[in-house]
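To keep things clear, I will list the structure first and then write my remarks on it.
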Amino acid sequence: MGEAGAINTVISLFAAIGRPVISAFATIGRIALFALTTIRRALTPPYYPIRLLEQLLSIGWYSLPVVALTAAFTGMALAQQIYTGGMRFNAQSTVPAIVVIGMVRELGPVLTGLMVAGRVSSAMAAEIGTMRVTEQIDAMVTLRTDPYRYLIAPRLFASIIALPLLVCVANVIGIFGGYLLSVYKLGFNPAGYLEMTANILESDDIVMSLVKAAVFGFFIALMGCYAGVRTAGGAAGVGRATTDAVVWAFVLILLSNLILTVAAFG
Amino acid sequence: MADIPKIELRGVSKSFGAKAVLRDVSFAVAPGEAFTIIGGSGSGKSVTLKCILGLMEADAGKIFVDGEEITAMKPAERDRVRAKFGMLFQGGALFDSLSVWRNVTFALTQGRLKGGGELRKIAEENLERVGLGAEVLDLRPSELSGGMQKRVALARAIAHRPEIVFFDEPTTGLDPIRADIINKLIVELVRDLGITAVAITHDMQSVEKISDRVAMLYDGAIVWTGPTADLRHSGNSHVDQFVEGRSDGPAE
């Protein structure tokens, strides 16, 4: 290999690393700009309160069954695992403490976030993506209506409001699931279990749980709407947008959870 | 004042990446004129309309509406100019989550759900203009046939009484009889409402029925402009090939 060949190899190596890095930064920039535009436009009229209520209903209310089931099953499984694991060093009595901390700090927000992302990010991407490819969004602009205000902002704010409410429900049901399993299968004293739960739980835990929920809610709607708006290429494009929305919402939820956990509890 | 064109493009260019979609496109449309842009698929017809509407930004060149340069405008001013436009989209682009009458009156409330009775009346009037009765008011767009959807979309495009209406392939996907009904409606609307019309189409029957003047786009550039009557003896090989629908000629 000559000198020129070697230089070319090095250059193409840098190019191979650089290209995806640059495009990743460009994507992050576009998503941030999209979020900022939505928030800025949402502050000035016209407002769409009915669209917001519609989205609250579809994100919050209709996610309740799946969130409740997830939380109940996880709370129970958690209690069983801690009991069995704790037996090895005689720490069975920590079940109520670990269930409450595990649910409120981590599993409640994360599992709710993931379940709602699966339901909602995909639905938003599919709906907005279909509107994009059938020119409904262009039509909206020609009808003097701002898609950011009409379509995106209600979804974003509804999601930020709904997620903390859902996480509250998930936390309570998860703790109660752990309680039921502990009392009826593992033989815990009901009053003692509840007392220990109440003693361990601090208000900071609850605040952090709700902060996480709101952040996840933001990412769920943001990725659903962003993927939807950028849809191109017919039915296949809508399919891609739906998948992208869910995958990116999952990644962002788990990444932001790690960052928030380390920042708050590390 | 009468000399100011309703719409004027001067040297408009637009590329997607390395692909030039519009190259130095210039034309002017007089008030009340029905102007048609013809050209094959991918010749840049839709992009031209989208640039005028501000749905896309032109890379170079200037666009004027009523003598005002919209390519240099701030978003708020652009909104004001955009109110002069209505557009009939190719697939209708009706909002499938809303009833027909909410679709028709969408621009009047900017999508807010208010003003029940009065707005229904406005919707009814506009639907009547396109030959539809009050029975469709509460239907969803998905419950209508393709031809009816197009008519509802037409009613929606004119409900806020725009001065300029764009028609994107108004007859595509319709049978010849329904296509003719839509052509007649367009002619009536232009005449009765004093609208300036710009249509893009590759349907030659439609071109000859609705337009006063025609421009031909080929590969992003305007290759011919003239009155509709001259279309069949334009002396331009691109136009001849298109008008006669031949596969052999300057365009492959």
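The values are calculated or read from the model by the stated rules, or taken from the named source; none is laboratory data. Worth saying up front: this structure is predicted, and the values here are computed from it rather than measured. No Cβ is skipped: glycine too gets one built from the backbone with ideal geometry, and neighbour counts run over all protein chains shown. Areas reflect the complete protein model, heavy atoms only, side chains present, ligands, DNA and RNA absent. Shrake-Rupley method; radii C 1.70, N 1.55, O 1.52, S 1.80 Å.
Of all residues in the stretch B:161-184, count the ones that are on the phi < 0 side of the Ramachandran plot, of a type outside the set (Val, Ile, Thr) and in contact with a Gly (Cβ under 7 Å, 6 or more places away or on another chain).
Selection size over the stretch B:161-184: 3.
Assuming B:Ala107 fulfils every condition listed in (1) within 14 Å of another protein chain (Cβ to nearest Cβ); (2) among the small types (Gly, Ala, Ser); (3) in a loop (DSSP other than H, G, I, E, B) apart from one, which condition is it?
So the condition that B:Ala107 fails would be (3).
Select from the stretch A:58-89 the residues that are of a type in the set (A, V, I, L, M, F, W, C) and under 16 Å from A:Lys185 (Cα atoms) and write down the one among them that is most open to solvent (accessible area, probe 1.4 Å).
Going through the qualifying residues, I end up with A:Phe73.
How many of the residues making up the stretch A:120-148 are at the interface with another protein chain (Cβ under 7 Å from one of its Cβ atoms) and more than 22 Å from B:Lys84 (Cβ to Cβ)?
Residues meeting the conditions: 1.
Could you check the stretch A:131-221 for helices (runs of 4 or more DSSP H) lying wholly inside it with 1 or more residues that are aromatic (Phe, Trp, Tyr)?
Passing ranges, in order: A:153-184, A:190-200.
Search the stretch A:16-57 for residues being in contact (Cβ under 8 Å) with a residue 40 or more places away in the chain, in a helix (DSSP H, G or I) and among the hydroxyl-bearing types (Ser, Thr, Tyr), and hand back the single one that is surrounded by the most Cβ atoms within 10 Å (Cβ to Cβ).
If we take residues in the stretch A:16-57 being in contact (Cβ under 8 Å) with a residue 40 or more places away in the chain, in a helix (DSSP H, G or I) and among the hydroxyl-bearing types (Ser, Thr, Tyr), then A:Thr38 is surrounded by the most Cβ atoms within 10 Å (Cβ to Cβ).
So how many residues does the stretch B:103-137 have that are under 27 Å from A:Tyr148 (Cα atoms) and open to solvent by less than 30 Å² (accessible area, probe 1.4 Å)?
Qualifying residue count for the region: 9.
Give me the residue from the stretch B:82-102 that is facing chain A (nearest Cβ under 9 Å) and open to solvent by less than 20 Å² (accessible area, probe 1.4 Å) and, out of that set, nearest to B:Thr71 (Cα to Cα).
So, considering only residues that are facing chain A (nearest Cβ under 9 Å) and open to solvent by less than 20 Å² (accessible area, probe 1.4 Å), the one nearest to B:Thr71 (Cα to Cα) is B:Phe85.
Quick check on my filter: what residues within the stretch B:34-54 are modelled with pLDDT under 90 and over 27 Å from B:Asp248 (Cβ atoms)?
Once the filter is applied, which keeps residues that are modelled with pLDDT under 90 and over 27 Å from B:Asp248 (Cβ atoms), the stretch B:34-54 yields only B:Gly54.
Hey, does the stretch B:24-32 have a residue that's open to solvent by less than 50 Å² (accessible area, probe 1.4 Å) and within 19 Å of B:Leu154 (Cβ to Cβ)?
Yes, there is a match, as at least one residue in the stretch B:24-32 is open to solvent by less than 50 Å² (accessible area, probe 1.4 Å) and within 19 Å of B:Leu154 (Cβ to Cβ).
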